[in-house]
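This report refers to the structure that appears directly beneath it.
The values are calculated or read from the model by the stated rules, or taken from the named source; none is laboratory data. What you see is a predicted model, and the numbers here were worked out from it, not measured in a lab. Note that each Cβ is placed from the backbone with ideal geometry, even for glycine, and that neighbours are counted across all protein chains shown.
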């Protein structure tokens, strides 16, 4: 081989040299300062705030008055009208609607109770008409 190889370095044969990769050094992680110590708090003693008040139970009157029973009677009355074509379900919904509406009438809020009473009575009437109409058809007996 001549004095210069193909790369151009004098006296070095490229077949005899080993490739040595050059690695870069990994970046150093930043150095953080140490966190300050947590502050020390003084424990709270019950003497600082005085005695606790006695438990008085749930707030409000024992006989809470509201439209809950009237609304329940109203919803059951509407359901009795919607399901008037199902005989036994209609009877159950109407009776429950009447009971809840009557209980709701004895309380303060009476608007929903009156409407519930009306819808429950309508449910009974419509359900009765549907049952009589179905049972009076002659083609059911053949």
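All but one of (1) surrounded by fewer than 15 Cβ atoms within 10 Å (Cβ to Cβ); (2) in contact with a helix residue (DSSP H, G or I) (Cβ under 8 Å, 6 or more places away or on another chain); (3) at pLDDT 90 or above hold for residue 134; which doesn't?
(3)
Scan segment 72-86 residue by residue and report those that are touching a helix residue (DSSP H, G or I) at 6+ places or on another chain (Cβ under 6 Å) and surrounded by 15 or more Cβ atoms within 10 Å (Cβ to Cβ).
Matches in segment 72-86: 72, 73, 74, 76, 77, 78, 79, 80, 81, 83, 84.
Residue by residue through segment 53-87, note down the ones that are modelled with pLDDT of 70 or more and part of a loop (DSSP other than H, G, I, E, B).
Step one: of segment 53-87, the residues modelled with pLDDT of 70 or more are 54, 66-87.
If the condition is that a residue be modelled with pLDDT of 70 or more and part of a loop (DSSP other than H, G, I, E, B), then 54, 66, 67, 83, 84, 85, 86 are the ones that fit.
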